[in-house]
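Participant: One structure coming up, written as structure tokens, with questions to follow.
What follows is calculated from the coordinates using simple rules that are stated; it is not laboratory data. Keep in mind that what you see is a predicted model, and the values were worked out from it rather than measured. Backbone-built Cβ (ideal geometry, glycine too); neighbour counts: all protein chains shown.
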Amino acid sequence: MIDVLANAATALQQARHIVVFSGAGISAESGIPTFRDQLTGLWARHDPQLLETAKAFRKNPALVWGWYLWRRQQVLQAQPNAAHRAIVRLADSGRQVTVITQNIDDLHERAGSQGVVHLHGSLMTPKCFACHRAAALNSVEQSISEEGAVVEPPRCSHCNGRLRPGVVWFGEDLPTEAWKAAVQAARHCDVMLSIGTSGVVMPAASLPDLALAAGAFVIHINPIDVCMDEPKEMMLIGDAGHVLPALLERALAI
Ligand code: BJW
Ligand code: ZN
């Protein structure tokens, strides 16, 4: 670990453009559950097929809307953690830092990161299921929701369709501009920090491959080994809230 940390610190020190590619694990220490962790992940207790697909929404919109209201409430009550904050210090050090997240929370933004690219949408931007128009958050029912609550979704002010969360479910395309920006950044970075993702969901999971193919270093931070064993990959085992600040301290004394 010490050698890998030293090598990762050197790569970071020499980088001009750094991409931070984050997944659910970066928000775990803020109290937001991941998806696939076996004991604590959302999908250990909830069937994603019943809650996180367009088919599920068509079948039971109130169950799905209630589920996302509850998750939004969890996020609103959470605070950015040491890893989110460390990324802001990294950007403040004068390097070009592009934050690409799979997460639908706003913890990067609340820590102070700017221009965050959301590949899987956001809990904060509902849209119409029928006409796809974005709906302002203040037009959306703000009621506090319990886990398992069933809440009828509000209606679109244009077409009276049901509002749905502005997130990307399986089988749906990623937002075009976000995906283009992510590919562009992955192809032009010197280092990608891939933090807290299991790397199984496509096409997001292909971004580290793109960065490696373009000659960048990819530094993974995760309590479990997610390395693909490519020559320019490095694996830092541990929680993001500990490992990332330690890495930045070593690389940049920040
Ligand atoms: C820590 C930590 C700590 C814990 N510190 N780390 C075959 C090939 C290519 C594609 C496909 C394919 N078969 C099917 C597909 C398509 C599909 C896909 O990829 N499926 C695979 C699962 C097989 N992809 C799609 O459908 C995507 N769209 C698409 O491809 O469009 C084109 C198309 C159209 C039509 C048909 C087919 C294709 C869309 C994907 C949308 C993903 N949506 C979700 C839900 C979002 C809304 C919501 O939150 O409810 O996005 S699924 C879920 O997974 C969520 C996440 O963003 C995403 C990734 O999860 P993530 O972040 O990696 O979390 P976990 O839980 O998996 O991992 C957490 C990690 O953190 C773990 O490693 C922990 O160890 C670690 N950790 N504590 C650091 N303290
Ligand atoms: Zn509408």
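Participant: Which ones in region 155-176 are within 11 Å of ligand 2 (Cβ to nearest atom) and either surrounded by 14 or more Cβ atoms within 10 Å (Cβ to Cβ) or under 17 Å from the mean Cα position of the chain (by Cα) (or both)?
Facilitator: The initial filter retains those residues of region 155-176 that are within 11 Å of ligand 2 (Cβ to nearest atom), namely 155-164.
Correct list: 155, 156, 161, 162, 163, 164.
Participant: Of all the helices (runs of 4 or more DSSP H) wholly in region 1-85, which have at least 2 residues that are within 12 Å of ligand 1 (Cβ to nearest atom)? So that I can check it myself, show each step before the final result.
Facilitator: On the way: elements: 2-14, 25-28, 42-45, 48-51, 54-59, 61-77.
Answer list for region 1-85: 25-28, 42-45, 48-51, 54-59, 61-77.
Participant: I'd like the residue in region 182-203 that is under 15 Å from the mean Cα position of the chain (by Cα) and of a type in the set (A, V, I, L, M, F, W, C) and, out of all such residues, is nearest to residue 222 (Cα to Cα). Write out each step before concluding.
Facilitator: Start the filter on region 182-203 by keeping residues that are under 15 Å from the mean Cα position of the chain (by Cα), which leaves 182, 192-203.
Then drop every residue that is not of a type in the set (A, V, I, L, M, F, W, C), which leaves 182, 192-193, 195, 200-202.
On the way: 182: 21, 192: 14, 193: 11, 195: 6, 200: 14, 201: 16, 202: 19 Å.
Among residues in region 182-203 that are under 15 Å from the mean Cα position of the chain (by Cα) and of a type in the set (A, V, I, L, M, F, W, C), the one nearest to residue 222 (Cα to Cα) is 195.
Participant: Right, something else. Considering only region 159-254, give the strands (runs of 3 or more DSSP E) lying wholly within it that have at least 2 residues that are within 12 Å of ligand 1 (Cβ to nearest atom) and of a type outside the set (A, V, I, L, M). Working first, answer last.
Facilitator: Values: elements: 163-167, 191-195, 217-222, 233-237.
In region 159-254, the matching strands (runs of 3 or more DSSP E) lie at 163-167, 217-222.
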